[in-house]
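Below: one structure, written as structure tokens.
Bear in mind these aren't lab numbers, they're just calculated from the coordinates by the rules spelled out. Values in this document were obtained by computation on a predicted structure and should not be read as measured data. Using ideal geometry, Cβ is built from the backbone for each residue, glycine included, and neighbour counts are taken over all protein chains shown.
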Amino acid sequence: MKYIIPIISLVFCSVLFSCKKDFLNKTDPTRIGVDIFFKDESQVNRAINGVYGQLQGITNVNYIFKEMTSDNTTIDMNPSDRGGAAGWEAFEYSTVNSGNGEISNLWNRYYSAIYNVNLSIEKLSESTIDDAVKKELDGELKFLRAFLYFDLVRYFGNVVLVTNTFKTPDEAFLLERTQSVAEVYALIESDLKEAVAALPTKADQAGAKRGRATKGSALTMLGEMYLTVKKYPEAVSALKDILPMGYSLMPDYADVFSPTLKNNAESVFEIQYQGDNDLGENSNFMYVFAPRESGNAIVGFSGQGLNGRNIPTNNMIAAYEAGDLRKDVSLKTGYTKDGVFYPVPYVNKFNHPHTIAGRTNDNWPIYRYADVLLMLAEAINEATGPSTEAEGYLNEVRDRAGLDPLNGLGKDAFRTAVLKERRVELAFENHRWFDLTRTMTPAELATFMNAHGAEEKAHPTVPRGGVAFNNLDYIYEATEYILPIPAAQILINDKLTQNDGY
């Protein structure tokens, strides 16, 4: 989907040229002015598609912050190129500071999308579109805003809350962070409830909108939000509302990720990509994830720049139980090149044949039904303790994986079992870091991650080519529970405060 976002173009008349008085009143015929856009349903849909396009850019790099930061993945280090050491590598080694460019880009991507959502909401409210259509479109925009803020609040804590556009640039310099994360979560909850009320179910969604947000998408995010803020009965209620909507587990785990089965029965919400063409809507995850020296052994094309990022750790590989059918789909422990096996692991669930180098056709799952079942099992356990009902949801996921059911666990043991099940079921789908922050205190998370760091230092998953670990690598502090506010933002607006520890 292309970025179809209204643009205001300012044109300045130089004194070196002769200009008529009304020059500035003329419209650039190559651009669509914001004041003449949003007049009908088609235009609003184009603007919404523009926001979905921005979600592609956000998703392309979120593995850095949601997987590599955790114990799930590491990197295939290039000893001759240390250019990423101060950027994306810092998330693997816990050496992030407020000047990190990846954090600044993260902040800008999300707030750029939020601006376009807010603009669309405002213009939609002024339009003469049919009220029923307007309600659904507004619900979809509220879902997108909740999606963006739900990530931001978990990344940064009490962020800047913006729900409107500005009349003058000066207004942006008056922005301050909210007093608490509760204010951010209140907006997320309100937006999601509006989305739930307005959006169609997946079954009732128009075919032309397949892949966009639905009532099930909004309920799933609402359920996860309630889990995050520990409102467990509310989480149970929201997640149970999804059960009669017709979702089901795909019989074969591999089919969940197949480009030929996009938006399948298990899909609740996924970011849409289209590969095998030159339209610019393709994904390229395998080129980012494939080991650096694997050549065409994995991606099928020679001469491509492979990044070696998001490499499954030894600890992640060991998390799979014997006989787990998901392991071979999700990862490989190495690759064969020119008849030689190289034991460098890689993510495999986004590895599918494609016809043009670098232009893969894989969507990215955000929510799927297995996630709903596991969250529901967790929420029931936290609300009322373990039960046969909670066990049933957990074991439905385990059964597809070819594993024996778990029964008779106490509350703490059941909590541990669900978290482990989420780790292997949703491996490399950008859930792990937020699962850890949601289920641990900052101090507990620091202890957990320091143990992971010590393990990786003692037995690195991937050879480092003689590059020694830095003394600061894998040293986690409780304050790293959230990211620093980008230094550039504080320089721009001195009303913004920095997170503790940065």
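The Cα atoms of the range 245-393 give a gyration tensor whose axes a ≥ b ≥ c have a/c of 1.5 or more with a/b no greater than b/c, which makes the shape oblate. Quote the FRET efficiency, to the nearest 0.05, computed for Glu293 versus Asp130 with a Förster distance R0 of 51 Å and r equal to the Cβ-Cβ distance. Taking R0 as 51 Å, the efficiency between Glu293 and Asp130 is 0.35. In terms of its C-alpha gyration tensor, the range 272-350 has an oblate overall shape, because the principal axis ratio a/c (a ≥ b ≥ c, square roots of the eigenvalues) is not below 1.5 and a/b does not outweigh b/c. Scaled against the 2.2 N^0.38 Å expected of a compact globular protein of N residues, the Cα radius of gyration of the chain reads 1.01. Structural descriptor for the chain: relative contact order 19 percent, calculated from alpha carbon pairs under 8 angstrom and at least 6 residues apart. Pairs over the 28 Å Cα-Cα cut-off, from the set Lys135/Lys202; Lys231/Lys327; Lys142/Lys230; Lys39/Lys215; Lys142/Lys262: Lys231/Lys327. Stretching the chain fully between Thr355 and Asn97 yields a gain of 88.9 nm (0.36 nm per residue, less the alpha carbon separation).
For the pair Ala458 and Asp278, what calculated FRET efficiency results from E = 1/(1 + (r/R0)^6), where r is the Cβ-Cβ distance and R0 = 30 Å, to the nearest 0.05? Efficiency at R0 = 30 Å is approximately 0.05. A simple count of charges around Tyr502, restricted to other residues whose Cβ falls under 13 Å of its Cβ and scoring Lys, Arg +1 and Asp, Glu -1, yields -3.
Packing order of peptides 78-85, 104-111, highest average first: 104-111, 78-85 (average count of other Cβ atoms within 10 Å over each peptide's residues). Say R0 is 25 Å: what FRET efficiency, to the nearest 0.05, do Ile492 and Val61 get from their beta-carbon distance? Using R0 = 25 Å, I get an efficiency of 0.65.
Our note on the geometry: Cα centres of the range 313-367 and the range 172-192, 39 Å apart. Once C-alpha pairs closer than 8 Å and six or more residues apart are averaged by separation and normalised to the residue number of the range 350-502, the relative contact order reads 15 percent.
Suppose a student asked you for the relative contact order of the range 254-384, using Cα pairs under 8 Å spaced at least 6 residues apart; what percent would you report? Relative contact order of the range 254-384: 36 percent. For the range 256-270, putting each phi into the Karplus relation 6.51 cos²θ - 1.76 cosθ + 1.60 with θ = phi - 60° gives couplings of 4, 9, 5, x, 8, 10, 4, 6, 6, 4, 8, 6, 9, 7, 9 Hz, in residue order, rounded to whole numbers and with x for Gly and Pro.
Amide H contacts for Ile311 (H built 1.01 Å from N in the peptide plane; partners 5 or more residues away or on another chain; cut-off under 5 Å): Thr74, Ile75, Asp76.
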